[in-house]
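The values are calculated or read from the model by the stated rules, or taken from the named source; none is laboratory data. None of these values were measured; they are calculated from a predicted model. Reconstructed Cβ throughout: ideal geometry from the backbone, glycine too, with neighbour counts over all protein chains shown.
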Amino acid sequence: MKAAGVFVALVIALLFQTTLGGVSLEAGTRVNFVLIAVVYVALAFGAMTGLLAGMVGGLAQDSLAGGIIGIGGISKTLIGFLVGVLGAQFIVSQPIPRFVMFVSASVLQELCFQSLYALVEGHGIRFHYAAVLTQAAVNGMVGILAFQITEMVPGLMQKRDTRMSLGRRRY
């Protein structure tokens, strides 16, 4: 069941990334839905699941986006593992610690991605602070929203079942 949930989360993130990812915010910042899914999976299921989700999501995003395949995969694999380890060491069940994890993961992923890209292409690191911090904040807000929605759905389903059972007559 866990593997199916992770797979569905990554597919939805890739669909959002290819359709909504082109929507640009201020300073050309785009939301990274695949990174949000990787961080979510790492916080929810642990380091190894985060590592595998980062690898699969990063490679899939690299293959769809073009460019050098593997750089996004390596950076998201690293982020998935680190977030999973840190999520197991600290209490991240409230919105503010989760927001901090999403923002930190976004900044670290961008730094890792730009560093690897600079290493492969032989140029300096191009790190635009305003765009990265804006993207990190938006990723954090979307990640918190994803957690809120997924935690709210089971309660809504239970309320729906309770209302339906109250309306039935039992003889």
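Worth pointing out:
- Within the option set GLN17, GLN61, being under 23 Å from LEU133 (Cβ atoms) and at pLDDT below 90 holds for one residue only, GLN17.
- Just one of the listed residues (SER75, SER104, SER115) is in contact (Cβ under 8 Å) with a residue 40 or more places away in the chain, polar (S, T, N, Q) and under 24 Å from LEU51 (Cβ atoms), namely SER75.
- Top-ranked residue in the stretch 69-121 [being closer than 24 Å to GLU151 by Cα and among the aromatic types (Phe, Trp, Tyr); ranked as modelled with the lowest pLDDT]: PHE90
- Long-range neighbours under 9 Å by Cβ, at least six apart or interchain, first residue in contact (Cβ under 8 Å) with a residue 24 or more places away in the chain within the stretch 137-154, second among the basic types (Lys, Arg): VAL138/ARG30; GLY140/ARG98; GLY143/ARG98; ILE144/ARG98; PHE147/ARG98
- Helices (runs of 4 or more DSSP H) completely within the stretch 1-120 that count 3 or more residues being small (Gly, Ala, Ser) and buried (at least 16 other Cβ atoms within 10 Å of the Cβ): 33-45, 47-65, 71-89
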